[in-house]
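To start, the structure itself, in structure tokens.
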Amino acid sequence: MKVGFIGLGRMGEGMAGCLIRAGHQLVVYNRTASRADPLVAQGATVATDPADACEGEIVITMLADDAAVAGVVFGDRGVLGHLKPGAVHLSMSSISVELSERLLAEHTKASQAFVSSPVFGRPHVAASGQLNILMAGAPAACKTCLPLLESMGQKVFPLGERPSDANLVKLSGNFLIAAAIEALAESVALVSKAGIDRKTFVDIMNTTLFGSPIYKIYGSLIAEEKYEPAGFAAPLGLKDVRLALAAAEHLRVPMPLGALLRERFITLLAQGGENLDWAALGLVAARDSGQARTKS
């Protein structure tokens, strides 16, 4: 299948590589063109702008936020104006419910299909094709996209015909991850200040009460104070918590813990954590308890 892929960050590059290995013909676009070099070496073709990536049956966007997605879709030489009638925009970005609803409306007006498929997993998981992928959209469009999603993920979770439902599930999932990170951060700070080995504490929790991927991954990052390079940068954590709170306000669902998480991320960014992993909420908790950071 001829596929356009827009957005070659740490997640997108790995996902695009999976599609190439699965035998798909990829046309890739990234604002920083050099990001495409490893994929070109694997057989991809480089597009000069988003429009050039829209010649196939499907174009995938994997971008950082609402502004980036809106820019490549609605801008000059954007996806909306150049995707063929009947073709599919497969959005795999973590975006707002509001933008997802707008994308569906605008693509429908243009006789194009829109499917939302945000993912759970960090960059190394994306590169290995083991993502967990959400999927929502019109049944025919989802059927068209499914072979691509199965090439990038270990499991695809259908969520019905409203694309925005997939985005709300993604934001809710990331809210849960952020809450787990904050709980780990505070607990590790507590035992550490008492002189208890942080790694031992995390190992006990992982082998008894909390044997889940999230506690294993982020517990280790916090215990080892390993916040660079960022698999998921702190500003993106703030973005997703903010979008979850916006959806909650619209639906009249109180999320007091979300408000706390937003403040914790703002504190992290104010302390210079712009380029750190969102696990660096552990750094905030350590500093609040009077414990200096020892390494990145």
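Just so it is clear, none of the values below were taken in a lab; they were calculated from the coordinates. Quick caveat: nothing in here was measured; it's all calculated off a predicted structure. Quick reminder, even Gly has a Cβ in these numbers, built from the backbone with ideal geometry, and neighbours come from all protein chains shown.
Below is a table of values for the structure above.
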{"read-out": "Relative contact order for the chain, counting Cα pairs under 8 Å that sit 6 or more residues apart, in percent", "value": "14"}
{"read-out": "The chain: Rg to Rh, with Rh as the Kirkwood radius over Cα pairs", "value": "1.00"}
{"read-out": "Partners for K199 among lysines (Cα-Cα distance below 22 Å; same-chain residues under 8 apart left out)", "value": "K216, K226, K295"}
{"read-out": "Dipole of the chain [Lys/Arg +1, Asp/Glu -1 at C-beta], most positive-end residue of G81, V191, G56", "value": "V191"}
{"read-out": "Global geometry of region 1-64, whether rounded, prolate or oblate, following the gyration tensor of its Cα atoms and the 1.5 cut on a/c", "value": "rounded"}
{"read-out": "Which of T32, I20, A141, positive extreme of dipole for region 2-161 (C-beta unit charges)", "value": "I20"}
{"read-out": "Trypsin sites (Lys or Arg not before Pro) restricted to DSSP loop in region 229-296 with at most 11 other C-beta within 10 Å", "value": "R252, K295"}
{"read-out": "Charge dipole (debye, nearest 20) of region 167-288; +1 at Cβ of Lys and Arg, -1 at Cβ of Asp and Glu", "value": "240"}
{"read-out": "Candidate lysines for bridging to K84, where Cα separation is under 22 Å - those fewer than 8 sequence places away on the same chain excluded", "value": "K2, K109, K143"}
{"read-out": "Extension gain from K143 to E98, taking 0.36 nm per residue of separation minus the Cα-Cα distance", "value": "13.8 nm"}
{"read-out": "Per-residue ³J(HN,Hα) for region 248-253, Karplus 6.51 cos²θ - 1.76 cosθ + 1.60, θ = phi - 60°, Hz, x for Gly and Pro", "value": "5, 4, 4, 8, 6, 10"}
{"read-out": "Relative contact order of region 2-161, defined on C-alpha pairs under 8 angstrom at six or more residues apart (%)", "value": "21"}
{"read-out": "Size of charge dipole - region 110-208 - debye, nearest 20, with Cβ of Lys, Arg +1 and Asp, Glu -1, no other charges", "value": "100"}
{"read-out": "Distant-in-sequence amide H partners of I6 (H built 1.01 Å from N, under 5 Å)", "value": "Y29, I60, T61, M62"}
{"read-out": "Degrees, to the nearest 10: 256-270 long Cα axis against longest axis of the chain", "value": "90"}
{"read-out": "Table column - 3J(HN,Hα) (Hz), region 181-187, Karplus curve with 6.51, -1.76, 1.60, x for Gly and Pro", "value": "4, 5, 5, 4, 4, 5, 5"}
{"read-out": "Between helix 97-109 and the chain: long-axis angle, C-alpha atoms, 0 to 90°, nearest 10", "value": "0"}
{"read-out": "Note, ³J(HN,Hα) from phi for region 27-42, Karplus 6.51, -1.76, 1.60, rounded to Hz, x at Gly and Pro", "value": "10, 10, 9, 8, 4, 8, 4, 5, 4, 7, 4, x, 6, 4, 5, 8"}
{"read-out": "Distance histogram in 10 Å bins (all Cα pairs of region 167-288, percent per bin)", "value": "14, 46, 32, 8, 0"}
{"read-out": "Long-range HN-HN contacts of E161 with modeled amide H, under 5 Å", "value": "G137"}
{"read-out": "Least to most buried among H82, H107, H89, H250 (fewest other Cβ within 10 Å first)", "value": "H250, H82, H107, H89"}
{"read-out": "Only Lys, Arg (+1) and Asp, Glu (-1) charged, at Cβ; the chain dipole about Cα centre in debye", "value": "320"}
